[in-house]
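Encoded as structure tokens, the structure appears first; notes follow it.
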Amino acid sequence: MWHFFHQLASPRYFYRFAGRILPWLGAACLLLMLAGLYQGLLVAPTDYQQGDSYRIMFIHVPAAWMSLFVYVVMAVSGAVGLVWRIKLAEIVAVASAPIGASFTFLALVTGAIWGKPTWGTWWVWDARLTSELILLFLYLGVIALNSAIEDKRTAARATSVLALVGVVNIPIIHYSVEWWNTLHQGATVTKFDVPSIDLRMLIPLLLMALAFKLFYLVVVLMRARCEILQRERNTGWVRELVEAP
Amino acid sequence: MSWHEFIDMGGRGAYVWSAYGVALVVLVVNLLAPALWRRRLLRELARRLKRSRNPQ
């Protein structure tokens, strides 16, 4: 087991391993997403209060969950890279930033589209929405800082520090609906209680959440493979790979 | 449920489908970016390798 993890941390092995599991992950992600869409758009009943606009939830909530999850992954792998100087951890941190930013963007946009028919406004400066917007800026800051520094390893170290500082925003986002009076509703699933949601709505929500998680895994592996190729372009194994792809 | 009802989403079709549309665009861009990056990288590395093999 340890041997496997030790090998996996070597960029060359990781590149091949990721390439082998990517098609399977992609297929699983697609199946889950199709099942979630079918359940969410056709099987789940209409909400008695919001009508059918609540169906935006099936992308809004998974996107918002992933915006937090990816940030934590990015910060933790950045920290691992800082402390143990593991190249692969740095690569995962750097590769996560654009994906997390796009999930945050998606959560904000679908939230605005959902807010218009539900609250009567696209946007309010309440705690949940504002802290999620700050999360988007944190991601963009990480991406900008990483591309501003020429040396890849220095860049990864600088962005890891920035990502770690930004972690303080994560609990603020999660608890914002409890700490402040927000227009945004409270948690219905992620609380220490029975989820207050109909099972026919919960199932597609969880399917979509799982599909989004797998989607992140697929894209982060694809991006990490590119990062590895770029960093290791002067090594023998990359040369061999380029000659016989 | 008829096709028309499905598209209409109880009068909220414009909101629901635009949200799903944005999601589709975000997912596709996320997949395309590393795929194109990889193609560009491999082509660039192949060119570099060729140049280093036969320096005129």
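The values are calculated or read from the model by the stated rules, or taken from the named source; none is laboratory data. Because the structure is predicted, anything quoted here is derived from the model rather than measured. Here the Cβ positions follow ideal geometry from the backbone for every residue, glycine too, while neighbour counts run over all protein chains shown.
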Can you find a residue in region A:196-219 that is touching a Lys or Arg at 6+ places or on another chain (Cβ under 8 Å), within 14 Å of chain B (Cβ to nearest Cβ) and surrounded by 13 or more Cβ atoms within 10 Å (Cβ to Cβ)?
no
For A:Val76, all conditions in the list (1) in contact (Cβ under 8 Å) with a residue 60 or more places away in the chain; (2) away from chain B (no Cβ under 11 Å) hold save one; what is the number of the exception?
(1)
I'd like to check which helices (runs of 4 or more DSSP H) are fully inside region A:166-245 and have at least 2 residues that are of a type in the set (Gly, Ala, Ser) and at pLDDT 90 or above.
A:199-231
Regarding A:Val94, is this residue farther than 21 Å from A:Pro62 by Cβ and either within 9 Å of chain B (Cβ to nearest Cβ) or among the hydrophobic types (A, V, I, L, M, F, W, C) (or both)?
yes
Filter region A:148-161 for residues that are surrounded by fewer than 17 Cβ atoms within 10 Å (Cβ to Cβ) and under 20 Å from the mean Cα position of the chain (by Cα) and give the result.
A:Val161
Selected residue (criterion: nearest to the other protein chains (Cβ to nearest Cβ)) from residues of region A:102-155 that are small (Gly, Ala, Ser) and closer than 29 Å to A:Glu227 by Cβ:
A:Ser102
Filtered residue count, region B:1-48, keeping only those that are surrounded by 14 or more Cβ atoms within 10 Å (Cβ to Cβ), farther than 14 Å from A:Arg223 by Cβ and of a type in the set (A, V, I, L, M, F, W, C)
12
Return the residues of region A:96-118 that are buried (at least 23 other Cβ atoms within 10 Å of the Cβ) and within 12 Å of the chain's Cα centre (by Cα); say none if nothing qualifies.
A:Ser96, A:Ala97, A:Ile99, A:Gly100, A:Ser102, A:Phe103, A:Thr104, A:Leu106, A:Ala107
Can you run down the residue pairs with Cβ atoms below 6 Å, 6 or more apart or on separate chains, where the first is in region B:21-40 and more than 7 Å from chain A (Cβ to nearest Cβ) and assigned to a helix (DSSP H, G or I) and the partner is among the hydroxyl-bearing types (Ser, Thr, Tyr) and crowded, with 17+ Cβ neighbours inside 10 Å?
none
Please specify each residue of region A:20-50 satisfying the condition of being among the small types (Gly, Ala, Ser) and touching a residue at least 60 places away in the same chain (Cβ under 8 Å).
A:Gly26, A:Ala28, A:Ala35, A:Gly36, A:Gly40, A:Ala44
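A quick yes/no check of all residues on (1) out of contact with any His (no Cβ under 9 Å at 6 or more places or on another chain); (2) modelled with pLDDT under 95:
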{"position": "A:Gln49", "(1), (2)": "yes, yes"}
{"position": "A:Val61", "(1), (2)": "yes, no"}
{"position": "A:Ala64", "(1), (2)": "yes, no"}
{"position": "A:Leu68", "(1), (2)": "no, no"}
{"position": "A:Val73", "(1), (2)": "yes, no"}
{"position": "A:Ala95", "(1), (2)": "yes, no"}
{"position": "A:Leu108", "(1), (2)": "yes, no"}
{"position": "A:Gly120", "(1), (2)": "yes, yes"}
Return yes when A:Ser53 is within 14 Å of another protein chain (Cβ to nearest Cβ), over 16 Å from A:Val218 (Cβ atoms) and part of a helix (DSSP H, G or I) and no when it is not.
yes
Of everything in region A:36-55, what is more than 26 Å from the chain's Cα centre (by Cα) and of a type outside the set (Val, Ile, Thr)? Give them in sequence order.
A:Leu42, A:Pro45, A:Asp47, A:Tyr48, A:Gln49, A:Gln50, A:Gly51, A:Asp52
Can you confirm whether region A:171-181 contains a residue that is under 30 Å from A:Met33 (Cα atoms), under 16 Å from the mean Cα position of the chain (by Cα) and either within 14 Å of chain B (Cβ to nearest Cβ) or surrounded by 20 or more Cβ atoms within 10 Å (Cβ to Cβ) (or both)?
yes
